[in-house]
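Engineer: Got a structure here, written out as structure tokens. Questions coming.
What follows draws every value from the coordinates through simple rules; no lab data is involved. Remember, it's a predicted structure, so these values are computed and weren't measured experimentally. Using ideal geometry, Cβ is built from the backbone for each residue, glycine included, and neighbour counts are taken over all protein chains shown.
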Amino acid sequence: MSVTHARVLAPDLLVHDLDPRRDLLALERAARWMHAWSPIVAIDPDSVRTGAELMPASDALMLDITGCGRLFGGEERLAGRLLRRLVRRGFDARVGIASTVGAAWAMAHHRHHTDVGSSDARIARLPEPADEASRRAMMRTLEDLPLAMLRLDVDTLETMDELGLTTVRDLRRLTRGHVAARLGRHVLERLDQLFGTAAPETLTPVRVPERLRAERSLAGPVTDPHIIGLCVRGCLERLCRTLGATDRGVLRLRVTLTRLLADARSHDTTRRDFLLARASHNAGRLWSLVRPRLERAHLALGLEKVEVEALSVRRVRGEQATLRVSAPAAIDAPGVQELADTLLNRLGASSLRRAELRESHVPERAASLVPWHRSADTPRREVMWHTHRPALLLDTPRRLDVLALTPDHPPTRWRFAQLGEPAPDRSATWREVRRPAIPTLSPERIASEWWRGEMTRPERTREYHAIQDESGVFLWVFREIETGRWFLHGLWT
Amino acid sequence: MSLEAQAIRTLLHSGRVSTAAQVFGTGASGGLQTGEMACSSTPGLAIGMDGADVGEAAATREWMSLLCAGATHEWLCESMWPCEQQVAPPQAMQKDMQGVGWGGVVGADVPLSLLMSLALGVGTEGAVVWVGRRVWPAPASLPRALAQRSLLVEVDETATRVWAIEQALRTPGVSAVVGDARGLSTAQSRRLQLAAEAGRTVGLLSRSVSERRQLSAAGTRWMVAPVPSETGLPRWGVELLRCKVAARTLGQGRRWVLERMWTGHNGASHGSLLVRVVPGLVGGSGAGDDAPCGWSSHRGESRAGIGRRGVG
């Protein structure tokens, strides 16, 4: 049926696009919230799989409530409270409780609950059998279930439909060997899971990300900056204590202030994020970052709550005392770290960089400037380091015209290559090359790094010469061996 | 200059330099200029000097003594781009330049080699902060010791740039700040000078040649230009345009010729200098005779003039 067709039939139809990804996210949120009732909550693995294939997802959550019922006065009351909370949140849900995952899934999905004794129609509980009679009753209930409750794929279900099988009982009448041969082993597996004769299924629990936060509620609206400072500081110290115990440090910090607005009734929150150059669990350092912003914060009628949260944390390596008097830790000195934090928070994360060595002979790749917070904490292993590179390297080497005695000689005259129409300036005039040039440096041949696998645009082998221009400036020029073209790559400024 | 300092200087000239370094380290700290203290803490100046090099070492030391800590030093330099061609800044200047050495014509008027050498010579410890992309050296050219303690900051706007330089100058643990200081007002230069005094750091500020006449509170102001070299190593001539930190005998108008050194396999591994003063080419103090603005008036001629003076 098309949407237009449906709209004709029902004019007040609401149409929503199917979004399995968001469905799954919502399911995950619900799963996290379910931790109020059970420590182990899993999303039905089938729903995860179909979600990825952009198919209508199954929407089952599985809770292992072994032993949890006692806390709520029985498993049914637990389910009742859970359902009421879900309904209040706008969800429609059904609950199945059984001793196996397969049976619980079937009880939750099966629609008629007439034979299951329960006060709420949406809760179906299959009690643990106490004696032989109740065990037989349970078996009967399970055997009456349609085959669709076996969590099988559509193809298998169709095949069974063609064979005239409708309920679990039909399937159990067949010989197991035949079922495996005709329908596949997985049918037997599902059957065993339903009756609990197979090994219990494992649930993959949803992890709850730990929220690293500390908050302080105030008795009334407070405008005294001293008290606010004390509160925030206290929160930071508590947060840092938690982090310090596990050797972690804050990388992004969020401070949230809840203010009382001018009408003295409504509240709003204002939040500020802080970036740190290096992960830290030093409350004093965090405080020195937060304080200037806090002093400028608009407090309205006063603050009612302050909250501090670590949005991103990273491992902090402990400092070990060394024998060496001057460890090369200039950049990690507390003052410099503070400077980096200050600059980061005013100028942005990418405006602060440090040089990092790479294993490469190609000059533009031999070192790179990486954003400060992404740079490695410890220097990498020793890398070949050429200090005689010119201080100014061009991003794109400039083409040159060159006169040389023989093609592999250093140039005697040079000028910028005239591409297209002649330039109006003096770049067309030939310039002399003075002697001598840096004797130890030229020629230097740098081959292409074929192992990088840039097959589309293979690099060429370069032969570098340091030459002295007639003005006295030293230039770093190279010739491509394959093409014989000359380029200017750098200047010793 | 105090008596102790003069005694040490005499000692230097006598050729026993290795002991002089110790003297620098232990005694006489009150009488010496801070720049000289900075020199004394650089092992590169004292190590490996034999008798023949003493004159050169003394010249280098004398030159370095002007670049004292707790002050800012301004560097003026005309573009070293080999011809007067106007070129648009390279693409990578605009946006992202990660993973490649950057550069281009834009930075050609910053004496990067000298600034790098000075930043290295100021101290073996302490971070070096480079503020403004124009003064960022190509990362591959940084000596290893410097690369490990360099912090490169990208700022465009002048006011923010001044703020960043000031913050860095005031930070304990920072030994030198190399900053792009184009468009600096006199008041702002005073701010930076005060910050350097407060933090006992060295501020190396690159300014454009057009601002040569502008007043500033900086300790020294230098003009740099490349000089043709007979040895095959890059040379620059520096002229002291203005000086507030030292006695008149070291005063303005003096010229030096500096030469890039290559210390072999791995470059400077610790705080040694990358440049040395070429002793024979040290100019006299009478700068007023020819062009007062030094070497910038006409590049070709004045440079040749320096070379002639040195040889003759």
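Engineer: Under a point spin-label approximation (7 Å from Cα along Cα-to-Cβ), what is the B:GLU157-A:ALA264 distance to one decimal in nm?
Structural biologist: Placing both labels 7 Å along Cα→Cβ, they lie 4.0 nm apart.
Engineer: Just checking the output field for B:107-117: average partner chain Cβ neighbours within 10 Å of each residue's Cβ?
Structural biologist: The shielding value for this peptide is 3.
Engineer: Length gain on complete extension for the stretch A:VAL362 to A:ARG185, per 0.36 nm per residue less the alpha carbon to alpha carbon distance? Show your work: numbers first, answer last.
Structural biologist: Values: separation 177, 0.36 × 177 = 63.72 nm, distance 5.88 nm.
Length difference between fully extended and current span is 57.8 nm.
Engineer: For chain A, find the longest principal axis of its Cα atoms and tell me its angle to the long axis of helix A:185-195, 0 to 90°, nearest 10.
Structural biologist: Roughly 60 degrees, rounded to the nearest 10.
Engineer: What percent do you get for the relative contact order of chain A when only Cα pairs under 8 Å and 6+ apart count?
Structural biologist: 8
Engineer: While we're here: Along the Cα→Cβ direction, 7 angstrom out, place labels at A:VAL3 and A:LEU311. What is the inter-label distance in nm?
Structural biologist: 3.5
Engineer: Quick check: pseudo-label points 7 Å beyond the Cα along Cα→Cβ at A:GLU470 and A:THR256, how many nm apart are they?
Structural biologist: Here the modelled spin labels are 7.1 nm apart.
Engineer: If you don't mind, there's one more thing I want to ask. What does a probe at A:ILE40 reach in region A:58-77, counting residues whose amide N is under 15 Å from the point 7 Å along Cα→Cβ?
Structural biologist: A:62-69
Engineer: A:ARG216 label point, 7 Å along Cα→Cβ, cut-off 12 Å on backbone N: hits in region A:266-286?
Structural biologist: none
Engineer: OK, next. Under 5 Å between amide H atoms, partner at least 5 residues away or on a different chain: which partners does A:ILE97 have, H built in plane at 1.01 Å?
Structural biologist: Under 5 Å from the amide H of A:ILE97 lie the amide H atoms of A:ALA124, A:ARG125, A:LEU126, each far enough along the sequence or on another chain.
Engineer: Can you tell me how much longer the chain between A:THR202 and A:ARG435 gets when fully stretched, taken as 0.36 nm per residue apart minus their C-alpha distance, in nm with one decimal? If you can, show how the numbers build up before the last one.
Structural biologist: On the way: separation 233, 0.36 × 233 = 83.88 nm, distance 7.91 nm.
So the chain would gain 76.0 nm between A:THR202 and A:ARG435.
Engineer: Turning to a different aspect of this structure: Could you please report the charge total around B:GLU74, scoring K, R as +1 and D, E as -1 over all other residues with beta-carbon less than 9 angstrom from its beta-carbon?
Structural biologist: With Lys, Arg at +1 and Asp, Glu at -1, the net is +2.
Engineer: Ignoring everything except DSSP H segments at least 4 long, calculate the 222 nm mean residue ellipticity for chain A; use -39,500 (n - 2.57) per segment, divide by total residues, nearest 500.
Structural biologist: -9500 deg cm²/dmol
Engineer: Give me a comma-separated list of calculated 3J(HN,Hα) values for region A:69-78, in order, Karplus coefficients 6.51, -1.76, 1.60 applied at θ = phi - 60°, integers in Hz, x for any Gly or Pro.
Structural biologist: Per residue, the Karplus-derived 3J(HN,Hα) values read x, 4, 5, 10, x, x, 5, 5, 5, 4 Hz.
Engineer: If you find the alpha carbon centre of region B:123-172 and of region A:244-260, how far apart are they in angstrom?
Structural biologist: Going from one Cα centre to the other spans 29 Å.
Engineer: For A:358-368, what's the mean count of beta carbons from other chains sitting within 10 Å of each residue's beta carbon? If you can, show how the numbers build up before the last one.
Structural biologist: Numbers: counts 3, 0, 1, 0, 2, 6, 8, 4, 5, 10, 8.
The per-residue average across the peptide is 4.
Engineer: Within 10 Å of each Cβ of B:164-177, how many other protein chain Cβ atoms are there on average?
Structural biologist: 4
Engineer: Fully extended, how many nm does the chain gain between A:PHE91 and A:ALA10 (0.36 nm per residue separation, minus their Cα-Cα distance)?
Structural biologist: 26.8 nm
Engineer: Between A:ASP17 and A:ARG445, take the C-beta separation as r, use R0 = 56 Å, and let me know the FRET efficiency to the nearest 0.05.
Structural biologist: 0.40
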